[in-house]
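Report on one structure; see the data block that follows.
Just so you know, all these numbers are worked out from the coordinates, no wet-lab data involved. Since this is a predicted model, take the numbers as computed values, not measurements. Ideal geometry is used to build each Cβ from the backbone, glycine not excepted, and the neighbour counts take in all protein chains shown.
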There are 2 protein chains.
Amino acid sequence: MKCPYCSHPEDKVVDSRSSRENDSIRRRRECLRCQRRFTTYEHIEEIPLMVIKKNGQRQPFDRNKITAGLLKACEKRPISAQRIESILDTVEKSLLRRHNKEVTSWQIGELIMKKLHSVDQVAYVRFASVYREFKDVGEFMKELKDIVKKERK
Amino acid sequence: MKCPYCSHPEDKVVDSRSSRENDSIRRRRECLRCQRRFTTYEHIEEIPLMVIKKNGQRQPFDRNKITAGLLKACEKRPISAQRIESILDTVEKSLLRRHNKEVTSWQIGELIMKKLHSVDQVAYVRFASVYREFKDVGEFMKELKDIVKKERK
DNA sequence: AAGATTACCACAATATAATGTAGTTTTTTT
DNA sequence: AAAAAAACTACATTATATTGTGGTAATCTT
């Protein structure tokens with residue numbers, strides 16, 4: 001565990017206690033180089049995933065809602081429903097693997113866009129234009145040009 | 001560490017590895033009752049605090065901004081600047097103590113309101129009426145009545 | 001579709017963490 | 001302002017985690 005003060009990688013545990021609910025372990029560690037102390041927490045890898053919406057409200061992660069948006073973006077595009085499911089799989093898993101209990105809908109959008117971009121660029125632009133307003137028109141045009149260029153090939 | 005499947009409090013560590021950057025330890029644990037396995041992560045207690053704003057964008061926690069809003073809500077109220085600083089202290093500390101790297105501005109508002117409510121109820125209502133729209137008019141009127149009743153005493 | 005990275009698994013040898021008891025300080029609640 | 005709860009401290013005893021090696025499978029990148 002890297003010391004937060006001096007970045008030294010070695011330390012020792014000075015105290016270790018379970019929380020009353022046994023849902024975490026608090027350890028008090030001491031850096032072997034600078035002797036300073038710090039606290040760490042051990043947690044179970046989070047399973048429940050809460051989404052923070054734009055208005056700041058939370059709600060449980062609902063895969064179906066996202067699927068719906070993606071399906072719409074992929075209308076009339078050569079992407080199978082299977083393909084979409086697999087994109088969702090990847091996104092969901094990589095969200096679950098994060099250590100963070102909470103995700104913003106914006107982060108989810110970004111992840112999907114990254115995936116979608118490598119699968120179908122037209123669908124990507126459709127999705128992107130809904131989920132994220134391009135920072136400026138220039139960026140949007142640049143994306144479009146790149147895609148048109150490739151489609152022509 | 002409580003088993004996420006059967007809630008049994010005893011388990012053993014089956015594998016334990018540092019992340020390459022030494023900023024966390026991943027442990028693979030096995031429940032002593034149901035034998036199922038799960039993963040835990042140990043992290044340094046978080047120090048940097050990111051605020052998720054209503055529009056979904058992040059920014060570093062800025063105490064001054066919050067102070068400004070609070071000061072305005074407390075205009076002409078018998079609350080010293082010192083008092084306000086101490087409210088902010090409490091809120092900031094309790095945010096830092098959470099295990100969560102990120103907080104929504106909504107959560108911060110709630111914390112401040114809780115504190116403010118016990119200090120000055122009129123200021124509380126002013127602040128609340130800005131930071132949170134009361135779910136319904138009834139709730140707002142109820143708050144007002146309670147406060148007026150107390151003021152009369 | 002191949003290559004790289006990361007999670008997961010097993011086993012054995014060594015070193016370090018967990019736990020009880022207990023006192024102090026800090027923080028939160030009433 | 002006092003009481004209650006939580007975090008940090010120390011020390012001694014016991015028990016368990018860490019680390020290397022090495023292999024498989026799943027996932028991410030190109």
Candidates per trypsin sites (Lys or Arg not before Pro) in the range A:1-43, loop by DSSP, up to 14 other Cβ within 10 Å:
A:ARG20, A:ARG33, A:ARG36
If labels are modelled 7 Å from Cα along the Cβ direction, B:GLN35 lies from its partners in the other copies at nm distances, smallest first, of 5.0
Mind listing the long-range amide H neighbours of B:THR104? Cut-off is under 5 Å, sequence gap 5 or more, other chains count too, H placed in the peptide plane at 1.01 Å from N.
B:ILE52
What nm distance separates the two modelled labels at A:THR39 and B:ASP23, each placed 7 Å from Cα along Cα→Cβ?
2.1 nm
Distances in nm between the label point of A:SER7 (7 Å along Cα→Cβ) and its equivalents in the other copies, shortest first, are 4.5
List, in order, the whole-Hz ³J(HN,Hα) value for each residue of the range B:4-12 obtained from phi through the Karplus relation with A = 6.51, B = -1.76, C = 1.60 and θ = phi - 60°; use x for Gly and Pro.
x, 9, 10, 6, 5, x, 9, 7, 10
Which Cβ of chain B lies nearest the axis of the rotation superposing B onto A, and at what whole-Å distance?
B:GLU42, 2
Sorted by Cβ neighbour density within 10 Å, fewest at the top, the residues A:VAL119, B:VAL103
A:VAL119, B:VAL103
Using a 7 Å Cα-to-Cβ projection, A:ALA68 label spacings across copies, nm, ascending:
3.8
What net charge do the residues around A:HIS8 carry, taking every other residue with its C-beta under 9 Å from that of A:HIS8, with Lys and Arg at +1 and Asp and Glu at -1?
0
